[in-house]
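**Q** Got a structure here, written out as structure tokens. Questions coming.
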Amino acid sequence: MPDNPWDNTALHLHGVDLDRGDVAVLRGLDWVVRPAERWVVLGPNGCGKTTLVQLASGYLHPTRGTVHILGERLGRTDVRSLRRRIAVVSASISRMLVPHLSAREVVVSAATGALEPWWDSYSGEQRGRAARLLADAGFGHVSDRPYGLLSEGERQQVLLARALMSEPELVLMDEPCAGLDMGGRERLLQSLARFARQEGAPPAVMVTHHVEEVPSGFTHAFVMKEGRCLAQGRIGQVLRSEVLSACFELPLELHHDGDRWWSRASS
Ligand SMILES: Nc1ncnc2c1ncn2[C@@H]1O[C@H](COP(=O)(O)OP(=O)(O)O)[C@@H](O)[C@H]1O
Ligand SMILES: [Mg+2]
């Protein structure tokens, strides 16, 4: 047994409440994410998904309860060094990137955890890895283009490559498919499925509103409503019509073909 029972968990939330001002944003959350697991977090707008990602990345602290991230307890650890072990793909990270940097620069700069590249500090191996990550996703052709001029779909691929560049111990993604057209979404889901299949890939959490965006190979689901957890566990047990209907307050039918999910209002 490890000294600390949370040493080998990626995330452990126990009895977590989070208030922002007088708004009760998260309520009574208990959640364990283990090393080989890839979770989707599903729930309607405003239910607390982004807040949960901010908590899981050490940017917010719980008002009550305890949060362990990669074995470290929030409030008792240096969050700056903890954050270096975590990769976040989110609209707020995208906004912080300098638009005139090339896609390749955006990716390689993750090697030092910086938002802008320090060219002298990258090894040939790191540069090669950045180029490979973009090429593996099928986006090698955008390497030299300024990030600010890329399409939404290309940007999300660059952000994912950037996330993997830092060899993180935990990957957190907040609505990576938002705003993508169907081709962009499917290409990103292919990259995420490839990531999920890789041996030794880090644990991951991906927020979405849509079951159509659950990548193949994701193993668990955490369904939220009004700051609380409505259901959680293995994806095949949690993603059911009754659960989604209760979550979105509408009779929904859910379909599944062994690999992907889709849903529509019951007729
Ligand atoms: N800084 C804040 N102060 C007060 N309320 C906030 C703050 N940030 C978020 N909220 C509220 O918390 C709730 C959850 O927000 P969020 O986590 O962004 O939801 P989601 O990502 O699921 O759409 C919303 O009702 C939102 O208005
Ligand atoms: Mg959100």
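The values are calculated or read from the model by the stated rules, or taken from the named source; none is laboratory data. Since the model is a prediction, treat every value here as computed from it, not as a measurement. As a convention, Cβ positions derive from the backbone with ideal geometry for all residues, glycine included, and neighbour counts pool all protein chains shown. Heads up: the accessible areas ignore ligands, DNA and RNA and are worked out on the full protein's heavy atoms, side chains in. Shrake-Rupley method; radii C 1.70, N 1.55, O 1.52, S 1.80 Å.
**Q** Rg(Cα) of the chain divided by 2.2 N^0.38 Å?
**A** 1.00
**Q** Another one. Quick one: Cα convex hull volume of segment 1-150, Å³ per residue?
**A** Normalising the Cα hull of segment 1-150 by residue number yields 164 Å³.
**Q** Which value in nm describes the separation of the simple spin-label points at His100 and Arg73, placed 7 Å from the Cα toward the beta carbon?
**A** Simple spin-label model gives 4.8 nm for this pair.
**Q** Treating the Cα atoms of segment 81-192 as identical point scatterers in vacuum, please give the log10 of the normalised Debye intensity I(q)/I(0) at q = 0.11, 0.22 Å⁻¹, two decimals.
**A** Calculated log10 I(q)/I(0) at the listed q: -0.29, -1.29.
**Q** Between beta-carbons, use under 9 Å as the cut-off and find the net charge around Ser216, counting Lys and Arg +1, Asp and Glu -1.
**A** Summing Lys and Arg as +1 and Asp and Glu as -1 gives +1.
**Q** While we're here: Determine the order of Leu134, Leu164 by accessible area, beginning with the largest, at a probe radius of 1.4 Å.
**A** Listed by decreasing accessible area, they come as Leu164, Leu134.
**Q** While we're on this one: Counting helices only, and only those DSSP H runs with n ≥ 4, report the 222 nm mean residue ellipticity of the chain as the sum of -39,500 (n - 2.57) divided by its residues, in deg cm²/dmol to the nearest 500.
**A** -8500 deg cm²/dmol
**Q** Could you report the accessible area of His256 in Å², rounded to 10, computed with a 1.4 Å probe on the protein chains as they sit in the structure?
**A** 100
**Q** Using a probe radius of 1.4 Å on heavy atoms only, what accessible surface per residue do you get for the chain? Whole Å² is fine.
**A** 48
**Q** Under 11 Å from the Cβ of Arg264, count the other residues' Cβ atoms, weight Lys and Arg +1, Asp and Glu -1, and hand me the total.
**A** Local charge sum for Arg264: -2.
**Q** For q values of 0.15, 0.16 Å⁻¹, compute log₁₀ I(q)/I(0) with the Debye formula on a Cα-only model of segment 1-81, without solvent.
**A** Result of the Debye calculation: -0.53, -0.60.
**Q** In whole percent, and with a 1.4 Å probe on the protein chains, what portion of the accessible area of segment 142-222 is carbon and sulfur?
**A** On the way: 1360 of 3030 Å².
Carbon-and-sulfur percentage of accessible area, whole number: 45.
**Q** Roughly how far apart, in whole Å, are the Cα centres of segment 219-267 and segment 44-107?
**A** For segment 219-267 versus segment 44-107, the Cα centre distance is 25 Å.
**Q** What ranking of Leu70, Leu29 comes out by heavy-atom accessible area, probe 1.4 Å, highest first?
**A** Ranked list, largest accessible area first: Leu70, Leu29.
**Q** As a test, work out the antiparallel percent of DSSP beta bridges whose residues both lie in the chain, rounded to the nearest 5.
**A** 60
**Q** For segment 29-70, report the translational diffusion coefficient in µm²/s to the nearest whole number, using Stokes-Einstein at 4 °C, 1.567 mPa s, and a Kirkwood Rh over Cα pairs.
**A** Rounded, D is 112 µm²/s.
**Q** In percent, what relative contact order does segment 143-261 have, based on Cα pairs under 8 Å that are 6 or more apart in sequence?
**A** With pairs under 8 Å counted, the relative contact order is 19 percent.
**Q** When you have a sec, figure out the Kirkwood radius of segment 109-267 from all distinct Cα pair distances and drop it here in Å to one decimal?
**A** Values: mean 1/r = 0.0578 Å⁻¹.
17.3 Å is the Kirkwood radius here.
**Q** How high is the relative contact order of segment 49-198, given as a whole-number percent (alpha carbon pairs under 8 Å, six or more residues apart)?
**A** It rounds to 29 percent for segment 49-198.
**Q** In whole angstrom, and with the biggest value first, how far do the Cα coordinates of segment 167-238 range along each principal axis?
**A** 31, 30, 22
**Q** Normalised by the residues of the chain, what does the relative contact order come to in percent, with Cα pairs under 8 Å and at least six apart?
**A** Details: 522 pairs, mean separation 61.0, N = 267.
Once divided by the residue count of the chain, the mean separation gives 23 percent.
**Q** Let me ask another. Send over the per residue convex hull volume for segment 116-172, Cα only, as a whole number of Å³.
**A** On the way: hull volume 5.8 nm³, N = 57.
In segment 116-172, the Cα hull volume divided by residue count equals 102 Å³.
**Q** Let's test the formula: R0 of 22 Å, r as the Cβ-Cβ distance of Ser92 and Asp181. What FRET efficiency results, to the nearest 0.05?
**A** Result of the calculation: an efficiency of 0.50.
**Q** Report Lys225's accessible area, 1.4 Å probe, all protein chains in place, as a number in Å² to the nearest 10.
**A** Spelled out: Lys225, probe radius 1.4 Å, area about 50 Å².
**Q** Need one value: the accessible area of Glu226 in square angstrom, 1.4 angstrom probe, rounded to the nearest 10.
**A** Ignoring ligands and nucleic acids, Glu226 comes out at about 140 Å².
**Q** Right, another one. Looking at Pro44, Gly15, Ser121, which one has the Cα that reaches farthest to the positive end of the dipole of the chain (charges on Cβ: Lys, Arg +1; Asp, Glu -1)?
**A** Of the candidates, Ser121 comes out farthest on the positive side.
**Q** Quick one: go through segment 74-102 and flag any residue whose amide nitrogen is under 16 Å from the point 7 Å out along the Cα-to-Cβ line of Glu167.
**A** Residues passing the 16 Å test: 84-87.
**Q** Which value, in debye to the nearest 20, gives the size of the charge dipole of the chain about its Cα centre, when Lys and Arg are +1 and Asp and Glu are -1 at the Cβ? Walk me through the numbers on the way to the answer.
**A** On the way: 30 positive and 32 negative charges, 41 e Å.
Value, rounded to 20: 200 debye.
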